[in-house]
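The structure under discussion appears below in the form of structure tokens.
The values are calculated or read from the model by the stated rules, or taken from the named source; none is laboratory data. Values in this document were obtained by computation on a predicted structure and should not be read as measured data. Heads up, the Cβs are rebuilt from the backbone with ideal geometry, glycines too, and the neighbour counts pull from every protein chain shown. We work out accessible area using only protein heavy atoms, side chains counted, and drop any ligands, DNA or RNA first. Shrake-Rupley method; radii C 1.70, N 1.55, O 1.52, S 1.80 Å.
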Amino acid sequence: MARDDNRGGNRRNNRDETPEFQDRLVAINRVSKTVKGGKRFGFAALVVVGDQKGRVGFGKGKAKEVPEAIRKATEQAKRQMIRVQLREGRTLHHDMEGRHGAGKVVMRSAPEGTGIIAGGPMRAIFEMLGVKDVVSKSIGSQNPYNMIRATMDGLRKESSPRSVAQRRGKKVADILPKSDAPAAPATEEA
């Protein structure tokens, strides 16, 4: 009787089917519950996951141990990822605002070489998204949960020139301003 040497090996492969995603731990919070014998401690983790090619998601997880909380948050983040169209693969197509609760964020596209100008949780989202140049500002709540939700709200509102052209029944060249459109070749007059 031949023994299967690959037993259990496939389980790990099935669990790690998406190694192309990177994750960033944004916040870890220790919470306590008072019980008859004293205090019970638990941990809440906030994680951002992305492929750095236009997909990003966030998740939160709670558990008695930190690694388990991070694992739960990462799984949740992978389940609720969104796709964001990037201009030239490096910045946003247009300026936008996002809101959640008392948190408000403003995100603006930026010229090449600007870098990521963003604070804390917003920086994590842009890095995991693959944005290279962006200027952003958080107004209002400094709570990382609300900042991330407001940023995701703004990113969901983004529309690419292709989608706008399709919605209006026009060509992409008709939608873009003249400065962004490729210049027509100049003809020499004799």
Long-range neighbours under 8 Å by Cβ, at least six apart or interchain, first residue hydroxyl-bearing (S, T, Y) within the range 134-146, second part of a strand (DSSP E or B) and crowded, with 20+ Cβ neighbours inside 10 Å: S136/V105; S136/M107; S138/G103; S138/V105; S141/G103; Y145/L46
Can you report the number of residues in the range 124-146 which are open to solvent by less than 10 Å² (accessible area, probe 1.4 Å) and in a helix (DSSP H, G or I)? 5
Has the range 77-88 got any residue that is polar (S, T, N, Q), at pLDDT below 95 and either farther than 14 Å from G130 by Cα or touching a Phe, Trp or Tyr at 6+ places or on another chain (Cβ under 7 Å) (or both)? yes
